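In what follows, a single structure is set out as structure tokens and then discussed.
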Ligand code: HEC
């Protein structure tokens with residue numbers, strides 16, 4: 001007797017369809033974060049002297065710090081300019097990406 005693969009196929013398709021948007025969102029967040037990697041490292045691991053570690057830090061802490069650069073409450077020639085170049089939604093995505101890089105370096 002031929003095994004009925006239909007239920008398994010349905011389940012696989014359903015899983016693929018529901019997983020795809022999350023994976024796409026993650027790709028997008030990573031892509032946006034690439035502009036930060038030159039200085040902060042691929043996982044935000046503080047790889048250059050004088051650049052703070054941002055990988056694996058608490059999401060809201062990162063977001064709040066990024067906003068302070070954006071509003072001018074905190075000033076730095078480079079970071080203030082960079083934060084002007086991302087919108088608020090992108091900031092959330094980027095903060096999400098770096099906060100998820102657990103165990104990235106030690107500060
Ligand atoms: C050209 C180099 C450079 C790039 C690119 C860059 N940063 Fe920075 N970043 C710095 C430097 C330098 C500091 C330290 C600023 C200071 O001393 O106030 C910093 C500080 C920060 C801080 C504060 C960390 C803390 O503990 O105070 C955050 C958060 C941050 N960057 C996020 C980002 C994000 C997100 C991006 C990409 C959108 C980015 N940076 C791109 C150089 C860079």
Q.
For segment 17-43: of the residues being over 14 Å from residue 93 (Cβ atoms) and surrounded by 14 or more Cβ atoms within 10 Å (Cβ to Cβ), which is nearest to the ligand (Cβ to nearest atom)?
A. 39
**Q.** Failed item in (1) farther than 16 Å from residue 35 by Cα; (2) over 16 Å from the mean Cα position of the chain (by Cα), with residue 56 passing the rest
**A.** (2)
Q) (1) assigned to a helix (DSSP H, G or I); (2) crowded, with 19+ Cβ neighbours inside 10 Å; (3) more than 10 Å from the ligand (Cβ to nearest atom): which one isn't true of residue 89, the others all being true? A) (2)
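Each value in this text was obtained by applying a stated rule to the coordinates, not by laboratory testing. Remember, it's a predicted structure, so these values are computed and weren't measured experimentally. Don't worry about glycine lacking a Cβ; one is built from the backbone with ideal geometry, like all the others, and counts go over all protein chains shown.
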